[in-house]
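The values are calculated or read from the model by the stated rules, or taken from the named source; none is laboratory data. Note that the coordinates shown come from a computational prediction; the quantities given were computed from them, not determined experimentally. Using ideal geometry, Cβ is built from the backbone for each residue, glycine included, and neighbour counts are taken over all protein chains shown. All accessible areas refer to the heavy atoms of the entire protein, side chains included, with ligands and DNA or RNA removed. Shrake-Rupley method; radii C 1.70, N 1.55, O 1.52, S 1.80 Å.
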Amino acid sequence: MADHNALPLVVLAEKFASLPGIGMKSAQRLAYHVMSMEDAAVEDFAKALLDAKRNVRCCKCCQNLTEREICPICSDDERDKGIICVVESPKDVTAFERTREYSGVYHVLHGLLSPMDGVTPDKLRFKELLARIAEGGVREVIMATNPTVEGDATAMYAAGLLKPLGVKVTRLAFGLPVGGILEYADEVTLYKALENRNDM
């Protein structure tokens, strides 16, 4: 923001800009919007931020974000505890739950392996995953990380840890999206679609 703006407004915009996916123009719009809000609305907004930061924690079992010690998914007796879907972040749990088709449980790693960025196995929640497997009863672990270099490396690393424990390790199928058109698909997507083809 230009030098003619009040310093607190500039600082507020910079704080918004530090959030992922928020550029400086969007941050400035948000900062100006906050200035147009009633004091009570701003206080409610600030309280919501503090409440979320102070009261949301990782589930002791799956590492998903929750305000309880054990999250509602892990404490649901109707979920199949024998299948664990391993995901990168809590946002991925939300995406799977929207399908209303998956009845197993989850494990959130809170990141992907990326040694160049300093993200090594000890920075992720592999230890907690291994502890869950050691308790017994797990038949399958689904590696549901993104089809990127980091996602693939993380899935391979986890498979190397889990297979010696006698657990079936699977990977999400990747390929053409539903409604996709072949001529617009890139080579990697077409290759994955061929590689992951199913019987009819």
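Once each of the trypsin sites (Lys or Arg not before Pro) sitting in a DSSP loop with at most 15 other beta-carbon atoms within 10 Å is removed, the chain keeps 1-59 as its longest stretch. Rounded to the nearest 10 degrees, the inclination of helix 149-162 to the longest alpha-carbon principal axis of the chain is 50 degrees. Electrostatic tally near Asp92: other residues with Cβ closer than 15 Å to its Cβ, Lys and Arg +1, Asp and Glu -1, net 0. Of the GluC sites (Glu not before Pro) in region 27-67, the ones in a loop by DSSP (not H, G, I, E or B) with at most 15 other beta carbons within 10 Å are Glu38, Glu67. The smallest convex shape that holds all Cα atoms of the chain, its convex hull, gives 210 Å³ per residue. For region 120-134, backbone phi angles converted through the Karplus equation (6.51, -1.76, 1.60; θ = phi - 60°) give residue-by-residue couplings of 9, x, 5, 8, 9, 8, 6, 4, 5, 5, 4, 5, 5, 5, 5 Hz, Gly and Pro being listed as x. 3J(HN,Hα) along region 184-190: 9, 7, 7, 4, 5, 4, 5 Hz, from the Karplus curve 6.51 cos²θ - 1.76 cosθ + 1.60 with θ = phi - 60°, whole Hz, x for Gly and Pro.
Surface analysis of region 133-192 yields an accessible area of 66 Å² per residue, using protein heavy atoms and a 1.4 Å probe.
For Val108, neighbours were defined as the other residues whose beta-carbon sits under 11 Å from its Cβ, and their charges (Lys and Arg +1, Asp and Glu -1) total -1.
Rounded to the nearest whole Hz, the Karplus-based 3J(HN,Hα) values (6.51 cos²θ - 1.76 cosθ + 1.60, θ = phi - 60°) of region 36-48 follow the sequence 8, 7, 5, 4, 5, 5, 5, 5, 4, 4, 5, 5, 4, with x at glycine and proline. May I ask for the angle, rounded to the nearest 10°, between helix 7-17 and the longest principal axis of the chain, with both axes built from Cα atoms and the value confined to 0 to 90°? Its long axis makes an angle of about 10 degrees. How much solvent-accessible surface does Ser26 expose, in Å² to the nearest 10, with a 1.4 Å probe and all protein chains in place? Spelled out: Ser26, probe radius 1.4 Å, area about 40 Å². For the chain, take the longest principal axis of its alpha carbons; what is the angle in degrees between that and the long axis of helix 90-99, to the nearest 10 within 0 to 90? With both axes taken from Cα atoms, the answer is about 70 degrees. Beta bridges per DSSP, both residues in the chain: antiparallel share near 20 percent. In this structure, the amide hydrogen of Val138, modeled 1.01 Å from its nitrogen in the peptide plane, lies closer than 5 angstrom to no residue at least 5 positions away or on a different chain.
For the chain, which whole percent of the accessible surface, found with a 1.4 angstrom probe, sits on carbon and sulfur atoms? Within the chain, the accessible surface is 57 percent carbon and sulfur. Near the amide H of Cys85, within less than 5 Å, lie the amide hydrogens of Val105, Tyr106, His107, Ile142, all on another chain or at least 5 residues away, with H placed in the peptide plane.
Region 91-128 and region 8-70 have Cα centres lying 23 Å from one another.
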